[in-house]
Amino acid sequence: MTTESRPSIIGTRPIRPDGFDKVVGRAVYGADVRLPGMLFGRVKRSPHAHAVIKRIDVSKALALPGVHAVITHADFPEPREKIVQSFRGPGPAQWEIERLLARRKVLFKGHPVAAVCANDLHTAEDALDLIEVEYEVLLPVLNLHDALLPSAPILHDDGFADPIKGLFDPVGGHATNVATRLELGAGDVELGFREADVIIEREYETGTYHQGYIEPHNGTAIWGPDGRLTVWTSTQGAFGMRESISRVLGLSISQLRVIPAEIGGGFGAKNVMYLEPLAALLSKKSGGRPVQVRMSNQEVLEATGPTSATRAWVRLGAKRDGTLVAADVRLEYEAGAYHGSPVAGGARCALGPYAIPHQRVVGYDIVVNKSKVAAYRAPGASASEFAVESAVDELAQKLSMDPMELRLKNPARAGQRRSDGATHGSIGTVEVMQALVDSPHYRSELAGKNRGRGVAMGFWQNGGGESSAFANVHEDGRVTLLTGSVDIGGLRAALAMQFAETLGIPYEDVSSLVADTESIGFTNNTGGSRSAFATGWAAYQSALDIREQLEQRIAKIWEVDAAEVSYDPVDATLRGPGDLMMTFKEAARRLPHSGGMIQGHADVVSTSLGAVGACMAAHIVDVEVDRETGKVTILRYTAVQDVGRAIHPSYVEGQIQGGVAQGVGMALSEEYVFDASGAMRNNSLLDYRMPTALDLPMIDVVLVEVPNPGHPYGVRGVGEVPIVPPLAAVANAIADAIGVRVPRLPASPRVILEQLEQGS
Amino acid sequence: MSQRIIVNSNINGENIEFMADERDSLLEALRDRIGLTGVKEGCNNGNCGACAVIMDGRLVNSCCVMAAECQDASITTVEGLEKDGQLTTLQQTFLEDAALQCGICTPGFLVAATALLEFNPHPTEHEIRFWLAGNLCRCTGYDKIIRAVQHAAERA
């Protein structure tokens with residue numbers, strides 16, 4: 001039998017494994033979970049942004065027919081450890097619980113104070129109105145400026161942070177709303193500015209944005225009579241969720257099984273637990289009935305996410321010829337009600353695209369009376385790079401240089417030290433800059449009044465972490481690939497393709513599934529653009545494991561030494577001495593009667609195998625500004641990105657196009673509007689204005705492939721960096737169009753008209 | 001306390017009698033009483049289009065229709081698009097063109113685009129964007145969705 005060698009699967013565009021279920025409405029998302037006897041839960045929330053809870057009375061709610069249980073903060077156990085570690089640093093364990101259900105104080109409008117479950121949603125909602133909460137309203141702190149005033153009300157006055165050095169350290173003996181300060185740097189900034197011929201100094205701000213996923217948060221739980229807890233939820237990571245839930249409920253992680261449902265978008269914010277422990281406690285109090293708690297979209301906007309509103313101060317110094325010699329950046333990020341803004345990510349990436357010998361980035365994490373911020377796609381980097389990329393354009397203007405010429409003069413290269421102390425590995429800065437300059441868009445003429453063109457760079461570090469894969473070879477030659485990585489946008493396809501490529505079998509013969517916390521080895525969350533890279537490594541290793549086991553098994557059948565058998569992935573065929581050969585399909589068929597089926601397995605800490613490939617992007621946009629109304633229209637958009645190697649180019653393009661759309665939303669139309677009491681005035685998807693199909697043109701994508709040497713197929717994470725450049729690219733285009741720079745985003749019609757008035 | 005009501009509708013070609021709470025929206029009735037969870041709740045106030053269905057030939061957001069209004073109505077949900085186990089051209093082009101990422105908005109987009117192509121079999125790009133402006137997608141930037149609709153129109 002002969003098998004023709006097949007072309008590479010990588011780089012093709014097959015239909016995703018979960019696609020069929022999703023176009024016929026059969027895919028089960030978190031809110032679609034239906035269990036026998038299931039009760040429905042709702043959350044009672046604070047109407048005040050800052051208040052002391054004087055009294056909660058749930059008796060009337062409990063008395064309502066159809067209501068099964070009501071919980072408050074008192075239903076949580078005391079934390080076993082006083083201090084918990086999270087990826088954003090240590091914090092008081094008590095605050096993790098208080099974020100879920102307030103204890104002594106509410107810290108934002110929408111802060112949960114109680115939860116109820118009933119036979120149906122309407123009854124649960126009726127019960128919410130019967131829960132009585134008495135508040136003593138305090139002055140809220142609603143922005144960075146007010147938070148830093150000496151007279152500012154202090155959010156955290158409970159002393160829980162006192163044992164943690166570096167967290168809310170008192171200033172001059174007084175409590176503060178500044179949670180943490182960080183400083184990164186390289187070289188000698190003062191020296192650098194002395195060497196500079198030209199220096200500019202600017203300030204920029206960004207508003208509060210929401211991740212804007214269409215699926216509201218949900219959580220379904222059964223607390224069994226054996227004390228074991230099962231949770232279904234739309235999460236970016238079942239294992240991360242297991243850790244979070246077990247900590248606040250005082251469970252050991254193995255007492256808890258988390259089953260990840262299909263997830264309707266996350267963009268970072270579905271790494272966070274909100275409802276799952278409430279569903280668990282309600283189930284426990286309802287005698288083990290399954291309980292599903294869901295949010296409305298209004299609750300999502302008011303009490304999850306959002307991202308940090310930010311202020312940035314940027315000082316850049318350059319030689320007359322455009323060589324950057326010094327950069328000094330100060331970032332202030334709102335954390336929301338609890339510490340932990342993504343200011344560190346913003347700081348690490350702020351100057352990422354450039355080689356600057358002397359640099360310093362200082363960041364502040366500052367609490368205000370708003371929902372605690374959550375990660376949002378390249379967390380922190382959109383805001384910091386908006387500031388730097390705007391300043392780079394202003395510097396180019398001052399130097400009378402073309403903006404791309406200035407950038408091409410200073411690209412970050414491999415081996416160069418970054419401000420966070422790391423060195424750049426393989427990085428495609430020059431390649432994406434050059435591809436942008438060579439693009440049809442850049443080379444086209446832009447004609448017309450009030451039209452302008454802008455460019456901007458984006459850098460994101462990407463993540464690695466731990467991933468597992470388990471691959472089950474079936475007798476018919478097909479393979480089931482189980483991984484622990486939640487699939488938000490085509491990951492199952494990208495993993496199946498890497499796996500099939502390694503075995504040399506058809507993509508269609510791989511069934512790619514997402515497993516729960518008891519069915520697969522530990523796997524970090526889908527976030528940090530890590531999964532196609534790290535879980536791709538695991539899929540690859542599990543296929544290698546199968547190849548090795550097949551070689552040993554077939555050697556036995558052939559009665560030869562295993563070293564004499566080799567698996568050739570080009571035609572998925574095992575070859576032995578002489579002309580002995582057997583295809584993968586035939587080998588699979590022989591397994592049951594030669595010692596049993598085989599399974600491939602891998603648990604990898606990806607970064608011990610190969611370096612994470614950081615990601616560089618360059619975007620170009622044409623806009624038109626209506627001077628009468630202040631409306632900005634996107635005429636044309638091209639995104640260039642170093643993607644390492646595009647496993648499934650359609651989903652790589654899709655990640656980039658989606659990131660661009662969100663970045664354009666940040667640049668032009670999205671923004672939380674708060675009133676003086678701290679209430680969000682535009683808490684609907686009509687008024688929180690995300691781009692619609694009518695607001696955007698087609699988004700052209702140029703994939704640049706500089707393979708990551710730290711991955712067998714050259715993969716770099718691609719999902720996050722595309723949200724970074726649009727803010728500055730659009731702002732730079734507006735400046736080009738009307739000669740007035742917008743220092744604060746979004747550049748809504750109001751802001752544009754104000755700037756035009758000031759400029760004239 | 002609220003009343004229970006009995007409603008008779010034709011849903012995806014089948015005559016169905018169901019019991020609902022008088023406060024139920026059509027969305028709640030479809031999902032929680034009838035089990036058609038392919039219809040998605042996004043915003044629950046008519047802004048996102050994830051719950052779109054075709055009711056008596058009109059594209060509606062099922063969160064903004066009361067179940068009680070559906071007596072004798074004919075309703076098509078995403079579950080009713082495929083014919084004889086065959087995907088429609090739109091469903092097929094959505095798959096081929098990678099027009100979905102997380103997929104939560106997909107049922108609404110498919111229903112809305114189906115209504116568009118019935119109303120206007122050869123829409124321009126602008127007409128597609130205008131018609132679909134009532135459906136929010138946060139993952140794709142719309143590019144591949146628009147192309148999937150264009151490709152379906154070309155094949156018809």
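If you go through segment A:172-195 and keep only what is touching a strand residue (DSSP E or B) at 6+ places or on another chain (Cβ under 7 Å) and β-branched (V, I, T), you end up with A:V178, A:T180, A:V189. Taken together, the residues in segment A:343-379 that are touching a residue at least 40 places away in the same chain (Cβ under 8 Å) and within 16 Å of A:T307 (Cα to Cα) amount to 21. Pairing residues of segment A:627-649 that are among the aromatic types (F, W, Y) with residues that are outside any helix (DSSP H, G or I), at Cβ distances under 6 Å and at least 6 apart in sequence or on separate chains, gives A:Y637/A:V621; A:Y637/A:I699. Among the candidates A:K60, A:K109, A:K54, the residue that is of a type in the set (D, E, K, R), more than 24 Å from A:L251 (Cβ to Cβ) and surrounded by 15 or more Cβ atoms within 10 Å (Cβ to Cβ) is uniquely A:K109. The lone criterion from (1) out of contact with any strand residue (DSSP E or B) (no Cβ under 6 Å at 6 or more places or on another chain); (2) buried (at least 24 other Cβ atoms within 10 Å of the Cβ) left unmet by A:Q657 is number (1).
For segment B:113-135: of the residues being within 11 Å of another protein chain (Cβ to nearest Cβ), surrounded by fewer than 24 Cβ atoms within 10 Å (Cβ to Cβ) and closer than 26 Å to B:N44 by Cα, which is farthest from the chain's Cα centre (by Cα)? Taking the candidates together, the pick is B:E127. One residue stands out in segment A:568-598 among those that are within 25 Å of A:S467 (Cα to Cα) and touching an Asp or Glu at 6+ places or on another chain (Cβ under 8 Å): the one that is surrounded by the fewest Cβ atoms within 10 Å (Cβ to Cβ), namely A:M597. So which residues in segment A:693-704 are free of Cβ contacts under 8 Å to residues at least 40 places away in the same chain and buried (at least 20 other Cβ atoms within 10 Å of the Cβ)? Matches in segment A:693-704: A:A693 only. Scanning segment B:1-32 for residues that are away from chain A (no Cβ under 14 Å), surrounded by 17 or more Cβ atoms within 10 Å (Cβ to Cβ) and touching an Asp or Glu at 6+ places or on another chain (Cβ under 8 Å) returns B:V7, B:S9, B:L26.
Tally time: how many residues in segment A:669-701 are within 14 Å of another protein chain (Cβ to nearest Cβ) and not in a loop (DSSP other than H, G, I, E, B)? Full working, then the answer.
Of segment A:669-701, the ones within 14 Å of another protein chain (Cβ to nearest Cβ) are A:669-670, A:682-701.
After this cut, where a residue has to be not in a loop (DSSP other than H, G, I, E, B) as well, the list is A:693-695, A:699-701.
Result for segment A:669-701: 6.
Comparison of A:G452, A:G465 shows that the only residue that is of a type outside the set (F, W, Y) and either within 25 Å of A:A269 (Cβ to Cβ) or without any contact (Cβ under 8 Å) to a residue 60 or more places away in the chain (or both) is A:G465. Put simply, of B:V53, B:V39, B:V65, B:V60 the only residue that is within 14 Å of another protein chain (Cβ to nearest Cβ) and over 16 Å from A:S296 (Cα atoms) is B:V53.
Can you pull out the residues in segment A:561-608 that are β-branched (V, I, T) and either without any contact (Cβ under 8 Å) to a residue 60 or more places away in the chain or within 14 Å of A:L544 (Cβ to Cβ) (or both)?
Going residue by residue through segment A:561-608, those that are β-branched (V, I, T) are A:565, A:570, A:573, A:583, A:598, A:604-605, A:607.
Scanning segment A:561-608 gives A:V565, A:I598, A:V604.
Candidates in segment B:94-108 are the residues that are assigned to a loop (DSSP other than H, G, I, E, B) and crowded, with 24+ Cβ neighbours inside 10 Å; of these, the one that is farthest from the other protein chains (Cβ to nearest Cβ) is B:A99.
Out of A:P153, A:P163, A:P140, I need the residue that is farther than 30 Å from A:K398 by Cβ and touching a Leu at 6+ places or on another chain (Cβ under 6 Å). Which one? So that I can check it myself, show each step before the final result.
Numbers: A:P163 fails: touching a Leu at 6+ places or on another chain (Cβ under 6 Å); A:P140 fails: touching a Leu at 6+ places or on another chain (Cβ under 6 Å).
Matching residue, one of A:P153, A:P163, A:P140: A:P153.
Can you confirm whether B:I104 is closer than 26 Å to A:I15 by Cβ, at pLDDT 95 or above and in contact with a Cys (Cβ under 9 Å, 6 or more places away or on another chain)?
Numbers: closer than 26 Å to A:I15 by Cβ: yes; at pLDDT 95 or above: yes; in contact with a Cys (Cβ under 9 Å, 6 or more places away or on another chain): yes.
It is true that B:I104 is closer than 26 Å to A:I15 by Cβ, at pLDDT 95 or above and in contact with a Cys (Cβ under 9 Å, 6 or more places away or on another chain).
Here B:G85, B:G80 are screened, and the one residue that is closer than 20 Å to B:V39 by Cα and at pLDDT below 95 is B:G85. Among the criteria (1) within 14 Å of chain B (Cβ to nearest Cβ); (2) hydroxyl-bearing (S, T, Y); (3) closer than 30 Å to A:R716 by Cβ, the one A:T633 does not fulfil is (3). Among the residues of segment A:65-87, just one is within 24 Å of A:A118 (Cβ to Cβ), without any contact (Cβ under 8 Å) to a residue 60 or more places away in the chain and among the hydrophobic types (A, V, I, L, M, F, W, C), namely A:A74.
Among helices (runs of 4 or more DSSP H) entirely within segment A:92-209, having at least 3 residues that are over 28 Å from A:S244 (Cα atoms) singles out A:121-130, A:144-147, A:189-195. The criterion of at least 3 residues that are away from every other protein chain (no Cβ under 14 Å) and either more than 25 Å from the chain's Cα centre (by Cα) or at pLDDT 95 or above (or both) is met by the following strands (runs of 3 or more DSSP E) wholly inside segment A:222-317: A:229-233, A:256-260.
One residue stands out in segment A:186-211 among those that are over 24 Å from A:H145 (Cβ atoms) and crowded, with 18+ Cβ neighbours inside 10 Å: the one that is modelled with the lowest pLDDT, namely A:A186.
Is at least one residue of segment B:68-78 small (G, A, S), touching a helix residue (DSSP H, G or I) at 6+ places or on another chain (Cβ under 6 Å) and not assigned by TED's automatic domain parsing to the domain that holds B:L110? No; the residues of segment B:68-78 include none that is small (G, A, S), touching a helix residue (DSSP H, G or I) at 6+ places or on another chain (Cβ under 6 Å) and not assigned by TED's automatic domain parsing to the domain that holds B:L110.
With respect to A:N683, is the statement that it is among the polar types (S, T, N, Q), modelled with pLDDT of 95 or more and either within 19 Å of A:V432 (Cβ to Cβ) or buried (at least 23 other Cβ atoms within 10 Å of the Cβ) (or both) true? No; evaluated as a whole, the condition is false for this residue. In the condition set (1) touching a strand residue (DSSP E or B) at 6+ places or on another chain (Cβ under 8 Å); (2) of a type outside the set (S, T, Y); (3) free of Cβ contacts under 8 Å to residues at least 12 places away in the same chain, A:A115 is compliant with all but (3). Among the conditions (1) outside any loop (DSSP other than H, G, I, E, B); (2) buried (at least 20 other Cβ atoms within 10 Å of the Cβ); (3) touching a Ser or Thr at 6+ places or on another chain (Cβ under 9 Å), the only one that A:H48 does not satisfy is (1). The condition (being of a type outside the set (D, E, K, R) and free of Cβ contacts under 8 Å to residues at least 60 places away in the same chain) is satisfied by just one residue among A:L331, A:L399: A:L331.
Name the residue that is nearest to A:Y354 (Cα to Cα), counting only residues in segment A:387-438 that are at pLDDT 95 or above and polar (S, T, N, Q). Checking each candidate, the answer is A:N410. A single member of A:G521, A:G489, A:G528 is within 14 Å of another protein chain (Cβ to nearest Cβ) and part of a loop (DSSP other than H, G, I, E, B), and it is A:G489.
The values are calculated or read from the model by the stated rules, or taken from the named source; none is laboratory data. Please read all numbers here as calculations on a predicted model, not as lab measurements. Glycine gets a Cβ as well: all are built from the backbone with ideal geometry, and neighbour counts include every protein chain shown.
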